Amino acid sequence: GYSPVSYIDLGIAQRGLKAYKSTHDGLNYYFTSAEQKAKFDKNPQKYLPEYGGYCAFGVSVGAKFRTDPNKFVVSNGKLFLFLYDVEVDAQQLWLAGNEKELVKKADTNWKKLSTM
């Protein structure tokens, strides 16, 4: 229930409220205000996380991993989410790598992974 508008427009992770819910492509999204909900409803593609919300670094290496909503990067107007657990901080791996190359690999892998 984190607001995709908060990530993109404010650069922070904020829990949305049930009172401000939108459904897009069968998924529910929550927002912190009616204004955020209206922004999303007007242009959902602007706010959707890359790779279906799966870990961007994981997708770059050909795998789907659930993400930690507090581990994210907004770059070039796109929201990338990342896995974080006691063994892996995928956000740091992404930041330490060549983002352009990682995005290229992830985009290619996502074409296959998104149909699975």
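The values are calculated or read from the model by the stated rules, or taken from the named source; none is laboratory data. Nothing here was measured: the structure is a model prediction, and the numbers come from that model. Ideal geometry is used to build each Cβ from the backbone, glycine not excepted, and the neighbour counts take in all protein chains shown. In case anyone asks, the SASA skips ligands and DNA or RNA and just uses the protein heavy atoms, side chains included. Shrake-Rupley method; radii C 1.70, N 1.55, O 1.52, S 1.80 Å.
Kindly provide the set of residues from segment 1-13 that are open to solvent by less than 60 Å² (accessible area, probe 1.4 Å), part of a loop (DSSP other than H, G, I, E, B) and free of Cβ contacts under 8 Å to residues at least 40 places away in the same chain, ordered by number.
Result: GLY1, SER3.
Restricting the search to segment 40-65, which residues are basic (Lys, Arg) and either modelled with pLDDT under 95 or closer than 15 Å to SER6 by Cβ (or both)?
Matches in segment 40-65: LYS46 only.
If you go through segment 99-116 one residue at a time, how many are open to solvent by 100 Å² or more (accessible area, probe 1.4 Å) and closer than 23 Å to ASP25 by Cα?
Counting residues in segment 99-116 that are open to solvent by 100 Å² or more (accessible area, probe 1.4 Å) and closer than 23 Å to ASP25 by Cα gives 4.
Going through segment 65-92 one residue at a time, which ones are over 21 Å from PRO44 (Cα atoms), among the aliphatic types (A, V, I, L, M) and open to solvent by less than 80 Å² (accessible area, probe 1.4 Å)?
Across segment 65-92, the qualifying residues are LEU83, VAL88, ALA90.
Among the residues in segment 24-37, are any closer than 18 Å to ALA106 by Cβ and assigned to a helix (DSSP H, G or I)?
no
Going through segment 40-64 one residue at a time, which ones are more than 12 Å from the chain's Cα centre (by Cα) and open to solvent by 30 Å² or more (accessible area, probe 1.4 Å)?
ASP41, LYS42, ASN43, VAL61, GLY62, LYS64
Is it the case that LEU102 is more than 15 Å from LEU48 (Cα to Cα) and under 13 Å from the mean Cα position of the chain (by Cα)? So that I can check it myself, show each step before the final result.
Values: more than 15 Å from LEU48 (Cα to Cα): yes; under 13 Å from the mean Cα position of the chain (by Cα): no.
The answer is no for LEU102.
Within segment 73-109, work out how many residues are assigned to a strand (DSSP E or B) and among the aliphatic types (A, V, I, L, M).
Residues that pass the stated criteria total 4.
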